Every structure is written in structure tokens, then in C-alpha cells.
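Read through the structure below, which is laid out as C-alpha cells, and then see the notes.
Nothing in this text is a laboratory measurement; each read-out follows from the coordinates by a stated rule. Quantities reported herein were computed from a predicted structural model and do not represent experimental measurements. FYI the Cβ positions are ideal-geometry reconstructions off the backbone, even for glycines, and counts take in every protein chain you see.
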Amino acid sequence: MKVTSSEIIISAVKPDQYPEGTLPEIALAGRSNVGKSSFINKMLNRKGLARISSKPGKTQTLNFYLINEILHFVDVPGYGYAKVSKKEREAWGKMIETYLTSRDQLKAVVLITDLRHPPTNDDVMMYDFLKYYDIPCIVIATKADKIPKGKWQKHLKVTEQTLDVDPEDTMIIFSSETGEGKDKAWSVIESYM
Ligand code: GTP
Ligand code: MG
């Protein structure tokens, strides 16, 4: 998809703040600091639209982005960040569970993993959660620029086996630095709209 317009429309913490209407939504999930916001910026050709930080825990609300007036991306706070309190973790869990399990407009979740490393236990739990609720998933293994190309397929295989990826779900090697995988990611996202 050629992105001609993109803007943030709301940062929500509860359902009555979600945007109205029936536009299809694609939500981003993944470990804190894995590169969800960077993925959004790369896909939208917008350097600073989604806030990025070298410190984990930057995104704390459900941030809805409107793209070409026809699609929403929803940036979701990352999981697995050790320095949050139990109370905050529970609040996070409720917020994202409510969104993922009740939002009719949600067409698929982009699960971002780090191609360099095997998925974490939290990644496996998130993937299982999505499968339990029958939510289609696109697995984006990002930060590919950080390992040699010759190792990509081997690392992707580890990702696939660790998550036990469903044959119906697509896996894509990605880099927010180089744009690797961007066209494929758009074509898969469009297939869910
Ligand atoms: P939270 O909002 O804390 O959950 O993090 P996030 O998943 O949104 O991660 P974010 O996009 O803020 O990126 C975290 C760090 O990883 C930043 O320093 C990014 O520059 C870096 N990063 C993200 N994607 C890539 C990538 O593809 N390649 C490289 N080399 N660095 C990346
Ligand atoms: Mg973020």
C-alpha cells in the first residue's frame, strides 16, 4: 500500500475511548523495546510519528493511527518489562486483553519478535493467547539488520518452532533500519483488510 496520509488519532486506555466507526484495525504486540513503534514508523514512512525510545516501556497506552483514511494501526504497550510494578502489569494485562478480545474491527495482530533471539516465554504466551481467541497473526521477526543475511533463515526457523506457528499465519523477516520485509508486510496486512 502506498501511504499518503497517517496521523495519530487517540491514545486510549479504555473501550469508550476507542475510535468509532468500522475501519479495519491491525494491532501491534511484542516485548517491550522489540521495535513495535519503529515498525509503525517504517511502514508509514514517518520517522517520528510513533514514539521510539532506547528505554523500554515508552508506549503505555493504546495508540490508534489512521492510515489513508481506511485503516487503523494500534500500537500497544510492550510486555516483559521487568521494572513495572505488579499493579501496573495487571492494569496493562486488562487493557490489552479487553482490546484484543472485544474489538470487532481487529482483523489481525502483528506480533513482533527479535530475529536475533529465540522468542521469549512471554512471546509464546502472547502467541498462544492470540490463537486461543482465533485472532490471525502476522509474525514479524525484526532487527534483521543486526545479523548477517546468511543466518536469517536459521533464526526464522527457531522463531517458527519456538512459537509453534500455525501454517495459516505468515512470518516475515523485517528491519526498520533497512526496510527489509516492508512490501511483504504491507501485502499481508492488505490481505486481512
Ligand atoms: P515499547 O514502546 O517500549 O514497548 O518499545 P517498542 O517495541 O515500541 O520499541 P521501539 O520501536 O521504541 O524500539 C526500541 C529500540 O530498538 C530503539 O532504540 C530502536 O531504534 C531499536 N530498533 C527498533 N527496530 C529496529 C531494527 O529493525 N533495527 C535496529 N538496528 N534497531 C531497531
Ligand atoms: Mg513503542
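Subtracting the Cα-Cα distance of residue 51 and residue 104 from 0.36 nm times their residue separation leaves 16.4 nm of extension gain.
Could you state the number of Å between the C-alpha centres of segment 73-128 and segment 1-20? Each part's Cα centre sits 18 Å from the other's. Put in order of Cβ neighbour count within 10 Å, fewest first, the listed residues 107, 2, 94 become 2, 94, 107.
If you take the charge dipole of the chain about its Cα centre, with +1 on Lys and Arg Cβ and -1 on Asp and Glu Cβ, which of 49, 96, 165 is farthest toward its positive end? Of the options given, the answer is 49. When each of the peptides 126-133, 164-171, 148-155 is scored by the mean number of other C-beta atoms lying within 10 Å of its residues, the order from highest to lowest reads 126-133, 164-171, 148-155.
Per DSSP helix of 4 or more residues, -39500 (n - 2.57); summed, then divided by the residues of the chain. What does that give at 222 nm, rounded to the nearest 500? That calculation yields -10000 deg cm²/dmol at 222 nm. Under a model in which nothing but the beta-carbon of Lys, Arg (+1) and Asp, Glu (-1) is charged, segment 68-193 shows a dipole of about 540 debye around its Cα centre. Within the listed set 40, 70, 135, the Gaussian network model of the chain (springs between alpha-carbon atoms below 10 Å) gives the highest mean-square fluctuation for 70. In segment 1-159, a dipole from Cβ-located charges (positive for Lys and Arg, negative for Asp and Glu) runs towards its positive end, and of 8, 60, 121 it is 121 whose Cα lies farthest in that direction.
Across the cross-link table entries 42/184; 14/94; 107/131; 47/143, which are compared at the Cα atoms, there are no separations over 18 Å. Normalised radius of gyration (Cα atoms, divided by 2.2 N^0.38 Å) for the chain: 0.95.
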